[in-house]
Amino acid sequence: MAYDDANEEFLRRFAERIDEQLGQADQLRDAMAQVSVVHAGVNGAVEVTVDSAGGLSGLHLTEAAMRLAPGDLARAILDCSRMAQAKLAMQLSAAVHGAFGPEPDADTPGYGRPNRLPGPHGS
């Protein structure tokens with residue numbers, strides 16, 4: 001394969017990979033925007049919902065929660081929020097892995113060694 005042909009093939013494959021990743025990133029963005037996580041604590045007395053950014057988007061307190069001491073209620077809300085955020089992080093990580101698959105290997109164009117263009121003799 002001539003040097004110019006090898007470079008052209010490399011660039012064509014690299015451009016295809018970029019297009020593929022852009023499509024995957026769009027799908028991932030859309031999927032991630034829809035994610036929310038609910039976590040209940042204190043035997044269901046406190047329930048929080050976090051949105052895709054990890055922000056608190058919902059809070060439900062039962063009568064049992066209202067009987068807690070103020071400090072205990074505050075801790076329960078914070079604990080539930082942290083647990084929901086941890087679950088969210090795991091879900092988002094799984095979504096990224098699902099969209100992009102496993103880490104690319106050194107033979108994937110654009111990954112691995114910094115200089116992946118073939119030399120003047122096709123090496």
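Throughout, read-outs are computed from the coordinates displayed, never taken from laboratory work. Since the model is a prediction, treat every value here as computed from it, not as a measurement. Neighbour counts are summed over all protein chains in view; Cβ atoms, including those assigned to glycine, are modelled from backbone coordinates with ideal geometry.
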(request) Pull out the extension gain between Ala74 and Ala31, defined as 0.36 nm times the separation in residues minus the alpha carbon to alpha carbon distance; nm, one decimal. (result) 12.3 nm
(request) Return, ordered by residue number, the residues of the range 22-51 whose backbone nitrogen is under 17 Å from a label point located 7 Å along Cα→Cβ of Phe100. (result) 22-33
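Could you tell me how many cubic angstrom of Cα convex hull volume the range 34-99 has per residue? Don't skip to the end; give the middle numbers.
Values: hull volume 4.5 nm³, N = 66.
Taking only Cα atoms, the range 34-99 has a hull volume of 68 Å³ per residue.
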